[in-house]
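One structure below.
The values are calculated or read from the model by the stated rules, or taken from the named source; none is laboratory data. As the structure is a computational prediction, the values presented were derived from the model and not from experiment. Here the Cβ is made from the backbone with ideal geometry for all residues, glycine too, and neighbour counts use every protein chain on show. Side chains included, ligands, DNA and RNA excluded: accessible areas come from the protein's heavy atoms. Shrake-Rupley method; radii C 1.70, N 1.55, O 1.52, S 1.80 Å.
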Amino acid sequence: MEGRRRKALLFTLCFLLSSLPSLSSLPAFQTLIPTSHSLPSASPSSFQPESESLIGSETGSGSDSESSITLNLDHIDALSTNRTPQELFASRLQRDSRRVKSIATLAARIPRRNATHAPRPGGFSSSVVSGLSQGSGEYFTRLGVGTPARYVYMVLDTGSDIVWLQCAPCRRCYSQSDPIFDPRKSRTYSTIPCSSPLCRRLDSAGCNTRRRTCLYQVSYGDGSFTVGDFATETLTFRRNRVKGVAVGCGHDNEGLFVGAAGLLGLGKGRLSFPGQTGRRFNQKFSYCLVDRSASSKPSSVVFGNGAVSRTAKFTPLLSNPKLDTFYYVELLGISVGGTRVPGVAASLFKLDQIGNGGVIIDSGTSVTRLVRPAYIAMRDAFRIGAKSLKRAPDYSLFDTCFDLSHQNEVKVPTVVLHFRGADVSLPATNYLIPVDTNGKFCFAFAGTMSGLSIIGNIQQQGFRVVYDLMGSRVGFAPRGCA
């Protein structure tokens with residue numbers, strides 16, 4: 001009888017093991033060539049003068065029915081001058097720390113949103129704090145505003161829900177690269193009435209009682225803000241016009257994105273650019289962010305059906321009951337060196353019923369943050385796998401660094417993120433990155449005491465990250481920047 005039980009138990013165990021996803025096919029190591037990667041410098045913007053030729057024109061050849069639009073993206077460092085690669089990287093990490101802190105604060109404190117908010121007469125009695133800190137956007141593009149189109153730089157951000165830019169006349173405006181947009185010179189600019197459903201969608205709406213027009217206000221986590229008229233306007237992307245986009249026309253702006261004119265929000269909310277243009281672009285967009293330490297190619301963003309890559313592996317989007325801005329996904333575990341890390345359990349990343357915890361994909365965060373227990377387990381597994389590499393002192397938020405100077409190539413443990421339905425195998429350059437000009441490389445993950453984990457843009461490099469809002473899913477296509 002005992003022998004039969006053992007046989008039955010053994011059979012059951014073998015069956016369960018055979019039904020699990022096989023990790024034996026995952027390679028344990030991959031090659032990193034340190035000499036081919038260095039700290040990115042403030043390279044010039046990739047945008048060509050062809051966009052500028054449209055300034056002041058009617059863009060009469062523009063189309064309102066294009067199913068897809070592709071735009072170049074540049075990193076915000078391209079707007080910086082006279083700064084060394086080391087200074088730019090240090091500044092990036094400072095921005096990153098502020099952004100992560102403010103996202104965590106936002107996710108923890110914001111109450112469940114109501115469907116609509118009546119505008120307050122005469123202005124604002126309180127402000128909605130977005131939580132995102134000054135200069136938090138990392139990538140920008142160039143687009144036309146108004147008719148005739150005036151071209152400006154706009155930061156793209158998946159962590160923001162509103163489209164806004166600085167407008168003349170300015171009570172207070174920060175320095176930007178282009179002339180400030182003047183709505184009085186645009187034939188397609190139209191203010192929004194206080195009674196409009198668009199106005200009621202704002203989290204904090206005001207009403208100009210004299211003109212009966214809608215006002216918007218967004219306050220950021222560091223005390224910066226933008227205040228002005230809420231209006232509809234035509235945006236032009238490479239001669240393709242998108243009419244009637246609700247935008248904040250900020251006449252009073254402080255701090256924020258120095259160099260860029262404003263922000264093109266790509267969040268999940270209804271007033272973000274994808275939320276407003278769902279019918280035009282079928283609620284689809286994607287981007288591919290190049291590794292700037294090894295490539296001079298521009299990054300890109302695609303809106304419309306062309307955004308969906310046939311090679312993408314998709315994971316379902318999750319809904320947060322108290323916050324609809326961020327893109328939540330389900331992370332089930334992580335493999336290092338071809339082996340699932342035992343201490344990285346799916347329960348550590350769970351989004352609970354009241355909207356706490358979870359994992360988001362974010363374009364504006366650089367370094368991936370994992371809840372502390374998961375990070376420690378992953379880091380320790382990586383250290384064991386990389387024990388042949390010469391260790392170096394910690395750097396900033398990085399506690400696992402190596403001296404790879406004079407090394408032509410090294411073998412490093414592989415890292416795979418296991419999302420529900422999608423195993424994402426990271427290139428070595430997405431998690432072992434240069435932090436100085438002397439050959440020091442660090443493991444580009446960090447722990448967080450917040451319950452919220454964030455997949456940052458360093459780990460997204462080289463993938464076409466597809467946001468299919470109609471299908472409620474996010475996809476990852478490797479080698480997607482070609």
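If we keep just the residues of the stretch 409-435 that are open to solvent by 30 Å² or more (accessible area, probe 1.4 Å) and more than 21 Å from residue 312 (Cβ to Cβ), which is modelled with the lowest pLDDT? If we take residues in the stretch 409-435 being open to solvent by 30 Å² or more (accessible area, probe 1.4 Å) and more than 21 Å from residue 312 (Cβ to Cβ), then 409 is modelled with the lowest pLDDT.
Whether a residue is touching an Asp or Glu at 6+ places or on another chain (Cβ under 8 Å), at pLDDT below 90 and open to solvent by 20 Å² or more (accessible area, probe 1.4 Å) was assessed, and residue 76 passes this test.
Filtering the stretch 436-460 to residues that are open to solvent by 20 Å² or more (accessible area, probe 1.4 Å) and out of contact with any strand residue (DSSP E or B) (no Cβ under 7 Å at 6 or more places or on another chain) leaves 436, 437, 438, 449, 450. Among the residues of the stretch 431-482, those identified as under 17 Å from residue 139 (Cα atoms) and of a type in the set (Val, Ile, Thr) are 455, 458, 465, 466. Restricting the search to strands (runs of 3 or more DSSP E) fully inside the stretch 374-424 and requiring at least 1 residues that are free of Cβ contacts under 8 Å to residues at least 60 places away in the same chain and farther than 26 Å from residue 348 by Cα gives 401-403. Restricting attention to the stretch 150-184, the residues that are open to solvent by less than 10 Å² (accessible area, probe 1.4 Å) and β-branched (Val, Ile, Thr) total 4.
The set of residues in the stretch 338-356 that are surrounded by 20 or more Cβ atoms within 10 Å (Cβ to Cβ) and either under 25 Å from residue 323 (Cα atoms) or in contact with a His (Cβ under 7 Å, 6 or more places away or on another chain) (or both) comprises 348, 349, 351. The residue that is modelled with the lowest pLDDT, counting only those in the stretch 79-132 that are within 20 Å of residue 319 (Cβ to Cβ) and assigned to a helix (DSSP H, G or I), is 109. In a strand (DSSP E or B) and closer than 23 Å to residue 39 by Cα: does that describe residue 479? The answer is no for residue 479. Do you know which of the residues in the stretch 365-399 that are more than 25 Å from the chain's Cα centre (by Cα) and buried (at least 16 other Cβ atoms within 10 Å of the Cβ) is farthest from residue 453 (Cα to Cα)? Going through the qualifying residues, I end up with 389.
Restricting the search to strands (runs of 3 or more DSSP E) fully inside the stretch 271-345 and requiring at least 3 residues that are at pLDDT 95 or above and of a type outside the set (A, V, I, L, M, F, W, C) gives 284-288, 313-316.
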